[in-house]
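Accompanying notes for the structure given below.
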Amino acid sequence: MNRMVAVLPFDNREDWLYFHIMKPEMIRKIDSVLDRVKDPESDLPVAQLGVIKRVRYNEELQTLYVFTDFYSHMPKCTTCAAIAKTLASAIVRDLTKEFQIEFPDLSIEFV
């Protein structure tokens with residue numbers, strides 16, 4: 001399964017540095033969260049949806065940044081988009097909860 005964490009592929013030197021700073025245990029925990037949190041509609045793990053593009057860790061700020069892309073997947077229909085936004089909000093809520101369980105000392109920010 002293709003994972004979208006630990007800044008792969010490397011877009012630039014900054015991404016390369018983030019990858020080498022993130023410890024294997026942290027990567028394992030991130031993968032675990034992305035496998036546990038499910039899309040409420042399809043019941044697929046978030047890891048398979050393609051909405052999490054990157055996860056970065058800033059040790060100095062003790063912050064985990066989760067880069068998402070829900071909106072490129074939004075339908076054109078207004079009613080359908082409202083439902084999709086509700087589902088996206090539920091996924092972010094569940095991800096926040098699970099990341100806080102795995103990383104209680106870190107701040108979690110969605111970008």
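Coordinate-derived values only; no laboratory data. This one's a predicted model, so the numbers in the text were calculated from it and none came from an experiment. We place every Cβ from the backbone using ideal geometry, glycine too, and count neighbours over all the protein chains shown.
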Pull up segment 53-68, narrow it to residues that are of a type in the set (Val, Ile, Thr) and closer than 12 Å to Ile30 by Cβ, then point me to the one that is surrounded by the fewest Cβ atoms within 10 Å (Cβ to Cβ). Val66
So which residues in segment 70-99 are under 15 Å from the mean Cα position of the chain (by Cα), surrounded by fewer than 12 Cβ atoms within 10 Å (Cβ to Cβ) and charged (D, E, K, R)? Arg93
Search result, residues across segment 87-111 that are assigned to a helix (DSSP H, G or I), more than 11 Å from Phe70 (Cα to Cα) and of a type in the set (Val, Ile, Thr): Thr96, Ile101
Scan of segment 100-109 for residues that are out of contact with any helix residue (DSSP H, G or I) (no Cβ under 6 Å at 6 or more places or on another chain), surrounded by 13 or more Cβ atoms within 10 Å (Cβ to Cβ) and among the charged types (D, E, K, R), ordered by number: Glu109
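Residue-wise test of (1) part of a helix (DSSP H, G or I); (2) in contact with a helix residue (DSSP H, G or I) (Cβ under 9 Å, 6 or more places away or on another chain).
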| site | (1), (2) |
| --- | --- |
| Glu25 | yes, no |
| Arg28 | yes, no |
| Val33 | yes, yes |
| Asp43 | no, no |
| Ala47 | yes, yes |
| Gly50 | no, yes |
| Lys53 | no, no |
| Arg56 | no, yes |
| Glu60 | no, no |
